[in-house]
1. Quick one: work out the % antiparallel among DSSP beta bridges in segment 96-251, nearest 5.
2. Could you pull the accessible area for residue 338 with a 1.4 Å probe, rounded to 10 Å²?
3. Along the Cα-to-C-beta direction of residue 361, a point sits 7 Å from the Cα; which residues of segment 222-266 have their amide N less than 12 Å from that point?
4. What does the extension gain come out to for residue 46 and residue 249, with contour length at 0.36 nm per residue minus their alpha carbon separation?
5. Percent antiparallel among DSSP beta bridges with both residues in the chain, to the nearest 5?
6. Using the Kyte-Doolittle scale, which helices in the chain average at least 1.6 and also have C-alpha atoms spread 24 Å or more along the helix axis, with helices defined as whole DSSP H runs?
7. Using only alpha-carbon positions, what ratio does the radius of gyration of segment 285-341 give when scaled by 2.2 N^0.38 Å?
8. How large is the accessible surface of residue 323 in square angstrom, using a 1.4 angstrom probe and rounding to the nearest 10?
Amino acid sequence: MKQQDQQNSQNEEANFTADIVHFDRMIEHANGGVHYPLHPSTQYTYNCVADLISVFQGKSKGNSPYSRQGTPTTAVLEAKLAKIEGGIGAVAFATGMGAIAATFLTLVKAGDHIVVSEHLFGNTASFFNTLEDLGIKITRVNATSVENVRAAIKQSTRIVFVETVANPGTQVPDLALIGDLCAQQSIVYVVDNTILSAYLFKPKVVKASLVIHSLTKSAAGQGQVLGGVVIDTGLFDWQNYPNIFVNYQKGDASKWGLQQIRKKGLRDMGATLSSQAAHQISLGLETLAIRMQRTSATALTVARFLQQHPKVAKVYYPMLENHPAHQQSCELFKAGSWLFSFELVDADQCLDFVDKLKVFIKATGLGDTRSLIIPVAHTIFWEMGAKKRQSMQISDGMLRVSIGLEESDCLLADLQQALS
Ligand SMILES: *Cc1c(COP(=O)(O)O)cnc(C)c1O
């Protein structure tokens, strides 16, 4: 990195939370509220009909006439999320799955090929099965080595998709080399950064074209609202992308991708985030950095405790020295996040063990302020069957943990009593 760039990125980081908490008041709005107002309207009106027509024809910006394509409140959240990821724009959705589905369904057509990591969030893996049924060709690869991705690429490959840290196995793809490969071959590189959040890692650094988040997890962070987003980093040249409809090939080409995702994804598919939910997510973002620092530190302490415990067989966490991607993770990520998994020596004991816990909650969510635990093979990865689980390296006794804001001693004591 050039010295000036390094300086800039450090300055940017120094202001991570300051930028978020002062964002709303910098945007012009009535009455000087420190939070941007919540806009519940579904309809928006204009001073004269010519203005209404001009908005419909895309000639002037104005508010979206109908809130299925967003509201002033969701627009402010989008701008904030684009800023913290270093992107040029964003489109928010009602859920993370809404963001993933809209991105793929608007950018690929029957006959196109995509390469995806075989270590994926279960519902995303299930969504790719749906895409396959619609005539999209899919190759699932072990993305921890760029060579597997390279070998899968064909003339018709449009997108490569990975998650920064896979859930539950915590596999980390060969992020930077896959970014180089996609850039060389003009392939859209889509990175799901839900687990780490923009605070711990910015996929733009590894040349991601689009960054996706389930805002339900790290961003909102308190187990009380659903949301999703896709952010364009500005690195992909949409003029080279064959599937942009002529209607959206207008104006600044850097905006074409997101324009299509917004128009087709929100207008035609309709997984729109409400203003109320956008406001709740905005509140969560204000504490994102301090929550990620605290939960990452606690997760490392707890992972180390489990690793040395005689009744624990294996702990999966990128910040542990024995993790296959430990070195890469230390170079790229500020910390390891709240997610880790582990296996007991006696896998048959895993359900009894979970029942003995008093502080950890038996729940499927992630990134809550409360610590959560779930046996994954029996629940979220049940439907796919044993063979598929094995190929995804999910053992029958694997327990997934999402660390919350509780004091680490309290969590260690709970684990200790349940293990003994
Ligand atoms: C939860 C999650 C999603 C889906 O998000 P929802 O908001 O639950 O729809 C996608 N990717 C990852 C990595 C997730 O953890």
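1. Bridges in segment 96-251 are about 25 percent antiparallel.
2. We get 10 Å² for residue 338.
3. Taking a point 7 Å out along Cα→Cβ of residue 361, the residues of segment 222-266 whose backbone N falls under 12 Å are 222-225.
4. Details: separation 203, 0.36 × 203 = 73.08 nm, distance 2.65 nm.
Difference between extended and current length: 70.4 nm.
5. Given both bridge residues lie in the chain, the antiparallel proportion sits at roughly 55 percent.
6. Membrane-span-like by this rule: not one helix.
7. Ratio of Cα Rg to 2.2 N^0.38 Å: 1.17.
8. Surface open to solvent at residue 323 totals about 20 Å².
The values are calculated or read from the model by the stated rules, or taken from the named source; none is laboratory data. Quick caveat, the model's predicted, so the values are computed rather than measured. When we count neighbours, we look across all protein chains shown, and the Cβ atoms used for this are built from the backbone with ideal geometry, even at glycine. Just so you know, the surface numbers come from the protein's heavy atoms only, side chains and all, with ligands and any DNA or RNA stripped out. Shrake-Rupley method; radii C 1.70, N 1.55, O 1.52, S 1.80 Å.
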